[in-house]
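K.L.:
First, the structure itself, so that you have it in front of you.
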Amino acid sequence: ARKEREQKQREMTGINDVAPIACNVGVPYPTLRRERAFLFDSETYPLHRILAETLGVPDLSMLHTRSIQDERILMEPLLHRSTRRAFHECYDNFVASFCIPLLHAVAIEQNIFNISTMASAPMSTRTAITYRYQAFPCLRIVRPGESSTGPHCDIADGHSIGNINFHIPLTPVYGTNAIYTESHPGREDWHPLTAKSLGLGYVFDGARCLHFGLENTTETTRVSLDFRIAISRGGSMFNDDPNNKLCSRKVLNDQFEAAGPGYYEEVFIDIDSTPRAFAPGPVVVKKGRYGGRLSDPDHRVGFPFT
């Protein structure tokens, strides 16, 4: 896993093998990638409840006690647009109205967008900030006695080095049913991303940080969502500027983008340097790669769509 990561990072950044894996040269928005936990309202975004209702179970953490143990049968409602729709809409709303504004607020605070430079540019060259996100999340289910994935980082699996990972537990996660990661590439200070209750999520650099799961020796099932967000700025003035802190076209064009539509969706936020006291937050506008409708989940998000 270490060797695969080193090779992929060298290929993506163009930095030779003398540079340590923790080197941030050529890596978009390094400060934005730092691991941090965040809280959200699980009643406003009831992902856990709607998924449980979709699957027809009362408690996601007790999936292992159900008479149906074949995951293909258990997950079948997600394969049909009519039974999947409520969960898909809740997820899309969660990303567009909470996760992206959360990321945007931190980026503004860190001046990732160089707003002062944009404000001095001619109006015709100013561009909006584009957020590319997974159109449907990866759903992780790890029952007692099962194991999750081995040590890996996402760039080794073909994902963009510009992606930032979001990890959303939909059940209590602790001990061996949690995922383990390092806090910074190469640090190997392995620790679990735990959550005692609903409404806690994590942002981390899954593109470069090794992460993995262990055999679940607890008495509960872990159900969680994982998805990725990347940030870019359109227009020839900014897109491939070597000093740009955001993703270029080359960085965005990972295996999942290059293979065709279906895996990603996009929204944009217009950067306006004029303060507006009445505006509660950024206005997120969906670009609509799929004509304004939710796309069917791509097989590349994994089970049960493979």
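The values are calculated or read from the model by the stated rules, or taken from the named source; none is laboratory data. In this text the structure is predicted, and so the values were computed from the model without any measurement. Counting neighbours? That spans all protein chains shown, and the Cβs are built from the backbone with ideal geometry, glycine included. With ligands, DNA and RNA removed, areas are computed over all heavy atoms of the protein, side chains included. Shrake-Rupley method; radii C 1.70, N 1.55, O 1.52, S 1.80 Å.
K.L.:
Pop a pseudo-label 7 angstrom from the Cα along the beta-carbon direction at both ASP270 and GLU4 and give the gap in nm to one decimal.
P.N.:
My value for the distance between the label points is 4.4 nm.
K.L.:
Moving to a separate point now. Points 7 angstrom from Cα along the Cβ direction at GLU146 and GLN110: gap in nanometres?
P.N.:
It works out to 3.4 nm between the two label points.
K.L.:
Here is a follow-up. Explain nothing, just the number: dipole magnitude of the chain about its Cα centre with +1 on each Lys and Arg Cβ and -1 on each Asp and Glu Cβ, in debye rounded to the nearest 20.
P.N.:
Once rounded to the nearest 20, the dipole reads 500 debye.
K.L.:
A further question follows. Taking the solvent-accessible surface of protein heavy atoms with a 1.4 Å probe, what is the per residue accessible area of the chain in Å²?
P.N.:
Computed with neighbouring chains in place, this is 47 Å² per residue.
K.L.:
Keeping all protein chains in position, work out how much accessible area TYR174 exposes to a 1.4 Å probe, and write it in Å² to the nearest 10.
P.N.:
90
K.L.:
If you don't mind, there's one more thing I want to ask. Sort THR181, THR149, THR13 by accessible area with a 1.4 Å probe, largest first.
P.N.:
Correct descending sequence by accessible area is THR149, THR13, THR181.
K.L.:
Still on this structure: Along the Cα-to-C-beta direction of GLN69, a point sits 7 Å from the Cα; which residues of region 131-147 have their amide N less than 13 Å from that point?
P.N.:
143-146
K.L.:
Ignoring ligands, DNA and RNA, please state the percent of accessible area on the chain from carbon and sulfur, probe 1.4 Å.
P.N.:
Its accessible area is 53 percent carbon and sulfur atoms.
K.L.:
For the chain, what is the calculated [θ] at 222 nm in deg cm²/dmol (nearest 500), taking -39500 (n - 2.57) for each run of four or more DSSP H residues and dividing by its residue count?
P.N.:
-5500 deg cm²/dmol
K.L.:
How much length is gained on full extension from GLU76 to GLU11, taking 0.36 nm per residue of separation minus their Cα-Cα distance?
P.N.:
Length difference between fully extended and current span is 19.5 nm.
K.L.:
Can you sort ILE155, ILE50 by solvent-accessible area, 1.4 Å probe, largest first?
P.N.:
Putting ILE155, ILE50 in descending order of accessible area: ILE50, ILE155.
K.L.:
Using a 1.4 angstrom probe and counting only protein chains, how large is the accessible area of ILE271 in Å², to 10?
P.N.:
We get 20 Å² for ILE271.
K.L.:
Take the residue pairs LYS196/LYS245; LYS196/LYS250; LYS8/LYS245 and return only those whose Cα atoms are more than 28 Å apart.
P.N.:
LYS196/LYS245; LYS196/LYS250
K.L.:
Give the accessible area for VAL27 in Å² (nearest 10); use a 1.4 Å probe, count only protein heavy atoms, and leave out ligands, DNA and RNA.
P.N.:
10
K.L.:
All other residues with a Cβ under 12 Å from the Cβ of GLU4 taken together, and with Lys, Arg as +1 and Asp, Glu as -1, what is their net charge?
P.N.:
Counting the neighbours of GLU4, the net charge comes to +2.
K.L.:
Enter the angle in degrees (range 0 to 90, nearest 10) between the Cα long axis of helix 100-109 and the first principal axis of the Cα atoms of the chain, meaning the one along which they spread out most.
P.N.:
In the chain, helix 100-109 runs at an angle near 40 degrees to the longest axis.
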